[in-house]
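Below is one structure; the comments refer to it alone.
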Amino acid sequence: QVQLVESGGGLVQAGGSLRLSCTASGRTFSSYAMGWFRQAPGKEREFAERISRSGSTTYYADSVKGRFTITRDNAKNTVYLQMNSLKPEDTAVYYCAADYSARGSTLSHEYDYWGQGTQVTVSS
């Protein structure tokens with residue numbers, strides 16, 4: 001079992017930055033690839049980015065590429081999401097998720113554990 005807790009969300013103006021954190025407890029954090037998903041009001045949950053077990057490989061959705069950066073610190077059991085140049089359309093609840101199979105999936109149903117989410121609101 002893995003417990004994930006996100007933090008760092010909040011309200012920011014367009015063009016601003018936020019850094020989200022997701023801290024894991026339970027089984028060995030480095031055994032999991034990690035992903036960030038987001039869900040805007042009235043929309044489906046969508047993939048944003050993922051990172052491999054070691055942190056050597058990352059992958060981004062086109063909507064966030066060049067603005068968001070995912071990193072991880074396995075010694076701290078934490079994955080981070082640095083969000084720069086934020087836009088109003090980035091407003092959503094952001095969820096981190098753990099994937100034990102580490103197949104590099106962008107599909108939410110292939111992730112095994114989820115955090116409770118943290119709200120990010122970008123004002124125009």
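List of remarks:
- Some residue of region 64-73 being among the aliphatic types (A, V, I, L, M), within 16 Å of Thr121 (Cα to Cα) and in contact (Cβ under 8 Å) with a residue 24 or more places away in the chain: yes
- The lone exception for Ser101 - which of (1) of a type in the set (S, T, N, Q); (2) at pLDDT 95 or above; (3) open to solvent by less than 60 Å² (accessible area, probe 1.4 Å) it fails: (2)
- Residues in region 47-85 that are among the aliphatic types (A, V, I, L, M) and under 19 Å from Arg27 (Cα atoms): Ile51, Ala75, Val79.
- The conditions of being open to solvent by 50 Å² or more (accessible area, probe 1.4 Å) and assigned to a strand (DSSP E or B) are not met by Thr106.
- Test: Ser54 is polar (S, T, N, Q), at pLDDT 95 or above and open to solvent by 60 Å² or more (accessible area, probe 1.4 Å): yes
Okay, residues lined up against (1) within 10 Å of the chain's Cα centre (by Cα); (2) exposed (fewer than 14 other Cβ atoms within 10 Å of the Cβ); (3) β-branched (Val, Ile, Thr); (4) assigned to a strand (DSSP E or B):
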{"site": "Val64", "(1), (2), (3), (4)": "no, no, yes, no"}
{"site": "Tyr80", "(1), (2), (3), (4)": "yes, no, no, yes"}
{"site": "Leu86", "(1), (2), (3), (4)": "no, no, no, no"}
{"site": "Val122", "(1), (2), (3), (4)": "no, no, yes, yes"}
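- Verdict on Ala40 being under 16 Å from the mean Cα position of the chain (by Cα) and within 15 Å of Lys76 (Cβ to Cβ): no
- Of all residues in region 100-111, those being in contact with a Ser or Thr (Cβ under 8 Å, 6 or more places away or on another chain) and over 13 Å from Phe47 (Cα atoms) number 2.
- Each residue in region 1-15 was checked for being assigned to a loop (DSSP other than H, G, I, E, B) and open to solvent by 80 Å² or more (accessible area, probe 1.4 Å), and 1 of them qualify.
- Residues in region 20-51 that are part of a loop (DSSP other than H, G, I, E, B) and in contact with a strand residue (DSSP E or B) (Cβ under 7 Å, 6 or more places away or on another chain) were compared, and the one that is most open to solvent (accessible area, probe 1.4 Å) is Arg27.
The values are calculated or read from the model by the stated rules, or taken from the named source; none is laboratory data. Predicted, not measured: the structure shown is a model, and the values here were computed from it. Note that we place each Cβ from the backbone using ideal geometry, even for glycine, and neighbour counts take in every protein chain shown. Surface accessibility is based on the protein's heavy atoms, side chains included, excluding ligands, DNA and RNA. Shrake-Rupley method; radii C 1.70, N 1.55, O 1.52, S 1.80 Å.
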